[in-house]
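Chemist: Okay, here's the structure, questions in a sec.
The values are calculated or read from the model by the stated rules, or taken from the named source; none is laboratory data. None of these values were measured; they are calculated from a predicted model. Positions of Cβ are generated from backbone atoms using ideal geometry, with glycine treated the same way; all protein chains shown enter the neighbour counts.
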Amino acid sequence: MGAVRHSVAAMAMDFTLECEGADAEAVGVVMEHVGADLRWVDEVFSTWREDSWISRLGRAEASIADAPPAVAEVLDLCERFREETGGAFDARDPDGRIDPTGIVKTWAMERARWRLGLLGASGWLWGCGGDVTVSGRGPAEGRWRVGVADPREPAGADARPVRRIELGGTSSGRDRGPVSLATSGDAHRPGHVWDPRTRASAEHYAQVSVAGADLIACDAWATAILAGGQRTLRRANELGLAALALRVVDGKVRASATAAWADRG
């Protein structure tokens, strides 16, 4: 047994598991089931599929009571985060249609977490794009070192990091760190995040990262700060959240961080 890396494709993205102390064959079997789980989530929640439950709800062809219970669960979470973020996280698009995509990917990742626990690995990192969560011991003195991508660089695994953060584990007697990191950005897909106050494209930051114990909450807050700007970043700071907001000014990256993120840096 050793280090194993395995990816599955779903939702037009690659989801990757990195394991320490795991059997490669067992990882392959578990990831087949994880891939099926993720594809089911896409069938239910995709706003691009005409036959998804979310699309049907948007056209008033079905009710939430008709849909799988997972739909109500996700929409309840969206409402919770709308309240927590002071309205900056909004699961309706500017036209008023239901759009929970701000947390669907990380909800799907957490939904598959129990399967990863079956591997008996000493540690693992489960990620997609800028969203990652870890468990157990990592390869860096028991921790997992994760980079925050440079918003000026093309998206992808080879993107140069502008910051690094340690997740999970214990190292040199320090307290256990956050186990999840979520990043929302507008640099590579301009206009896909809107400011709920103006109903227009949000242009406050190029990218926002949030670290914490709950991957879904980190994702919601990263999206909320990207949408709501400085007022939402201040709210995150007041709540003790670890957040890093990046702007690109004259080709240079400018960072604003909450106190909790600065303590980790």
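Chemist: Restricting to segment 13-63, and then to whatever is free of Cβ contacts under 8 Å to residues at least 60 places away in the same chain and hydroxyl-bearing (S, T, Y), can you tell me which residue is surrounded by the fewest Cβ atoms within 10 Å (Cβ to Cβ)?
Modeler: Filtering first and then ranking leaves S63.
Chemist: Identify, by number, the condition in (1) among the aliphatic types (A, V, I, L, M); (2) touching a Leu at 6+ places or on another chain (Cβ under 6 Å); (3) assigned to a loop (DSSP other than H, G, I, E, B) that V134 doesn't meet.
Modeler: So the condition that V134 fails would be (3).
Chemist: Taking segment 236-256 on its own, how many of its residues are closer than 17 Å to S184 by Cα and surrounded by fewer than 20 Cβ atoms within 10 Å (Cβ to Cβ)? Give the derivation first.
Modeler: So in segment 236-256, the residues closer than 17 Å to S184 by Cα come out as 236, 241-248, 253-256.
Pick out the ones that are also surrounded by fewer than 20 Cβ atoms within 10 Å (Cβ to Cβ) and you get 247-248, 253-256.
The number of residues fulfilling the criteria is 6.
Chemist: So, one more: Got a sec? Which of W126, W144 is over 13 Å from the mean Cα position of the chain (by Cα), modelled with pLDDT of 90 or more, in a strand (DSSP E or B) and surrounded by 22 or more Cβ atoms within 10 Å (Cβ to Cβ)? It would help to see each step written out before you state the result.
Modeler: Details: W126 fails: over 13 Å from the mean Cα position of the chain (by Cα).
Exactly one of W126, W144 is over 13 Å from the mean Cα position of the chain (by Cα), modelled with pLDDT of 90 or more, in a strand (DSSP E or B) and surrounded by 22 or more Cβ atoms within 10 Å (Cβ to Cβ), namely W144.
Chemist: Among (1) in contact with a Ser or Thr (Cβ under 9 Å, 6 or more places away or on another chain); (2) crowded, with 17+ Cβ neighbours inside 10 Å; (3) assigned to a helix (DSSP H, G or I), which single condition is S209 missing?
Modeler: (3)
Chemist: Let me ask you something else. Go through (1) in contact (Cβ under 8 Å) with a residue 40 or more places away in the chain; (2) buried (at least 19 other Cβ atoms within 10 Å of the Cβ); (3) on the phi > 0 side of the Ramachandran plot one by one and return the number of the condition G229 breaks.
Modeler: All conditions pass for G229, except number (1).
Chemist: Now for a separate question. Check segment 96-105 and report whether any residue there is touching a helix residue (DSSP H, G or I) at 6+ places or on another chain (Cβ under 7 Å) and basic (K, R).
Modeler: Yes, segment 96-105 contains a residue that is touching a helix residue (DSSP H, G or I) at 6+ places or on another chain (Cβ under 7 Å) and basic (K, R).
Chemist: Now for a different question. Taking helices (runs of 4 or more DSSP H) that do not extend beyond segment 35-116, which have at least 3 residues that are touching a strand residue (DSSP E or B) at 6+ places or on another chain (Cβ under 7 Å)? Explain how you work it out, then say what you get.
Modeler: Working: elements: 53-58, 69-84, 101-111, 113-116.
Per the criteria, 53-58, 101-111.
Chemist: Answer with yes or no whether T106 is closer than 23 Å to R235 by Cα and of a type outside the set (D, E, K, R). So that I can check it myself, show each step before the final result.
Modeler: On the way: closer than 23 Å to R235 by Cα: yes; of a type outside the set (D, E, K, R): yes.
The answer is yes for T106.
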